[in-house]
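Here the structure comes first, spelled out in structure tokens, and everything after it is commentary.
The values are calculated or read from the model by the stated rules, or taken from the named source; none is laboratory data. Nothing here was measured: the structure is a model prediction, and the numbers come from that model. A quick note on method: Cβ atoms are made from the backbone with ideal geometry, for glycine too, and the neighbour counts reach across all protein chains shown.
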Amino acid sequence: MVKHCPWPEHDGVRPDGSAGHRSRSHAAPRASASADHCAARSTAASVAARAVAAAAACAWLAASAARTCSAAPAGLAAPTLAPLGAAVLGVAWRPPTSPNGPADSLVYKLAPSGDGSGRVLLTGSRLTSFAWQHLEPYTRYAAVVTACVADTCGVSGGLRCTASGPGSGLTAEAPPQGMLAPAVAVLGPHAAAVRWQPPARANSAAAGLAYRLLRNGAVVYRGPLLEYSDDGLAPGEAYAYRVAASNAAGEAMGPEAPAVVTFLAAPQVPPPPTHTHARALFPSTKWRHPPPGVG
């Protein structure tokens, strides 16, 4: 069923040809006029619809032109690493100077550099510092930070990332570790030679190490050397030695070496005897005994 365009009835003829104020003889011309009017209104509606569609397309194109796709962040400096203790480094970094994407989508990843472990220390947003713990004393470590933004023109959930150069830092000194007992060799009744090795871990610059040598609990040497000749010992006595290594952070005492006994002294040769004549006919001979404790 065809719907007619609405037509005013003031002229006496309806679009369906029914009589109004005028006779049916005028129905045909009025029907033709009605068709023309409907066609005109349809054309106007079509033009209006095309105008609305064109305006929407123009708005979409303008928005597309104004929107640029995100890119990897630029201007990301290497992180700084500073000692917070013998086993902790404080790591800090700055946001990239050009995020090249939504700033609120920035995500950071912190990882060691150069150790080949592939570990990730931290992943998160709005963080620009980290306490790197459980490290070795007086050891250099390096790390890199990666900054990422959301990929506004790619697959949903994609990221655009860039990595900084490596930053490095040295943990603080700690007392030496792994000091061993010295080696002791008896040289005679009155001397012994004592030698020792540096600690397994100096935990500081090697030039900063100093040693104390103790004999039976008393200090007999202080200095940087690794050997000492201990003179002035008593024959046949037992002596025990131990060494302590120290640096600016503290001292580590090594274990005591097994006690050694110096040699006995050789007996002294008594002087030749002297002869006295108490009586001419009965001479007597006297000699001197060696000092006590010899032989």
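Of the numbered conditions (1) surrounded by 18 or more Cβ atoms within 10 Å (Cβ to Cβ); (2) of a type in the set (Gly, Ala, Ser); (3) touching an Asp or Glu at 6+ places or on another chain (Cβ under 6 Å), residue 191 fails exactly one; give the number of that condition.
(1) is the only condition that residue 191 fails.
Only residues in segment 249-264 that are touching a residue at least 24 places away in the same chain (Cβ under 8 Å) count as the first member; pair them with residues that are among the polar types (S, T, N, Q) and not in a loop (DSSP other than H, G, I, E, B), Cβ under 9 angstrom, at least 6 apart or cross-chain, and list the lot.
As it stands, the answer is 252/177; 252/246, since those pairs meet every condition given.
Tell me, please, whether a residue that is loosely packed, with under 13 Cβ neighbours inside 10 Å, part of a helix (DSSP H, G or I) and either modelled with pLDDT of 95 or more or not assigned by TED's automatic domain parsing to the domain that holds residue 145 (or both) can be found in segment 9-26.
yes
Listed residues 164, 113; which is touching a strand residue (DSSP E or B) at 6+ places or on another chain (Cβ under 8 Å), modelled with pLDDT under 95 and not assigned by TED's automatic domain parsing to the domain that holds residue 213?
113
Looking at segment 80-103, is at least one residue in the same structural domain as residue 161 (by TED's automatic domain parsing), in a helix (DSSP H, G or I) and either in contact with a strand residue (DSSP E or B) (Cβ under 9 Å, 6 or more places away or on another chain) or modelled with pLDDT under 85 (or both)?
yes
Evaluate segment 123-137: report whether one residue or more is small (Gly, Ala, Ser) and more than 26 Å from residue 82 (Cα to Cα).
No, segment 123-137 contains no residue that is small (Gly, Ala, Ser) and more than 26 Å from residue 82 (Cα to Cα).
Taking the criterion of being under 20 Å from residue 138 (Cβ atoms) and either of a type outside the set (Phe, Trp, Tyr) or part of a loop (DSSP other than H, G, I, E, B) (or both), would at least one residue in segment 183-196 satisfy it? Quick ask: steps written out before the conclusion?
From segment 183-196, those under 20 Å from residue 138 (Cβ atoms) are none; that's our starting set.
Scanning segment 183-196 turns up no residue that is under 20 Å from residue 138 (Cβ atoms) and either of a type outside the set (Phe, Trp, Tyr) or part of a loop (DSSP other than H, G, I, E, B) (or both).
Run residue 206 past the list (1) among the aliphatic types (A, V, I, L, M); (2) at pLDDT below 95; (3) not assigned by TED's automatic domain parsing to the domain that holds residue 264 and report the number of the one that doesn't hold.
(3)
So which pairs qualify, if the first residue must be in segment 215-227 and surrounded by 12 or more Cβ atoms within 10 Å (Cβ to Cβ), the second must be among the basic types (Lys, Arg), the Cβ gap must be under 8 Å, and the two must be at least 6 apart or on different chains?
Qualifying pairs under 8 Å: 221/212; 222/212; 226/195; 227/195.
Restricting attention to segment 99-126, report how many residues are surrounded by 13 or more Cβ atoms within 10 Å (Cβ to Cβ) and not aliphatic (A, V, I, L, M).
Summing the residues that are surrounded by 13 or more Cβ atoms within 10 Å (Cβ to Cβ) and not aliphatic (A, V, I, L, M) in segment 99-126 gives 9.
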